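What follows is a short report on a single structure.
The values are calculated or read from the model by the stated rules, or taken from the named source; none is laboratory data. Note that the structure is a prediction, hence the values are computed from the model and not measured. Don't worry about glycine lacking a Cβ; one is built from the backbone with ideal geometry, like all the others, and counts go over all protein chains shown.
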Amino acid sequence: MQQTEQLSQILAELGIASDYAQTHGLPVFEEAETRVSAGPNIIGREQELEPVTAGKWVAMRQAAQAEGVELLLVSGYRSYAYQASLIRRKIDAGQGLDEILSVNAPPGCSEHHTGRAVDIATPGVPPLTEAFEKSSAFQWLGLNAGNHGFSMSYPRDNAFGYIYEPWHWCRPTA
């Protein structure tokens, strides 16, 4: 099944309009075809990134470590199906779709599909929370991530309407 057909089927199953991305001004991303290991995440689950990004991630993590800052991988590549499972779990827990889509990109609209996005944590800070912005890791990223090709995708009041995500960093091109 081609990616567009698969994506249309997943959106329909979740009750998300097929034109959601277009009507909300969101980009649509294809799934990365080539991926390599980026190492385990904070719970020991192996993560993948597209090859260039994986190398840049390792180099960035090592550069931070050399300066006494620990960067931990929370999430890398996500398939459309995996993104759908994140949303499905929240629906099953009773959350409304509008609320979910302010926090989670609909399948097809997540930068994680590209294999170029990473969610980052650091010891002593709850992962995937705004508290990350007060960490030495966030300060280091603000000064150095650009040197490794990464930028923060979702600052406060971002154009996409997503919540502020100081932990989400992406390489715009492979």
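Observations on the structure shown:
- Applying the criterion of being of a type in the set (V, I, T) and without any contact (Cβ under 8 Å) to a residue 24 or more places away in the chain to the residues of segment 35-69, the residue that is nearest to V118 (Cα to Cα) is V58.
- Count - residues of segment 93-151 that are in a strand (DSSP E or B) and either under 17 Å from G68 (Cβ atoms) or of a type in the set (D, E) (or both): 3
- Flag for E13 being surrounded by fewer than 17 Cβ atoms within 10 Å (Cβ to Cβ) and either modelled with pLDDT under 95 or over 26 Å from F160 (Cα atoms) (or both): no
- Scan of segment 16-54 for residues that are assigned to a helix (DSSP H, G or I) and either surrounded by 15 or more Cβ atoms within 10 Å (Cβ to Cβ) or touching a strand residue (DSSP E or B) at 6+ places or on another chain (Cβ under 8 Å) (or both), ordered by number: Y20, A21, P51, V52, T53, A54
- For segment 81-92, the criterion of being among the aliphatic types (A, V, I, L, M), at pLDDT 95 or above, farther than 25 Å from S136 by Cα and not in a helix (DSSP H, G or I) is met by no residue.
- When V74 is tested against (1) closer than 14 Å to W169 by Cβ; (2) assigned to a loop (DSSP other than H, G, I, E, B), exactly one condition is not met: (2).
- Taking the listed residues S135, S110, the one that is of a type in the set (G, A, S), over 17 Å from the mean Cα position of the chain (by Cα) and at pLDDT 95 or above is S135, with no other qualifying.
- Of the residues making up segment 116-164, those that are within 23 Å of A38 (Cα to Cα), touching a residue at least 40 places away in the same chain (Cβ under 8 Å) and surrounded by 13 or more Cβ atoms within 10 Å (Cβ to Cβ) number 19.
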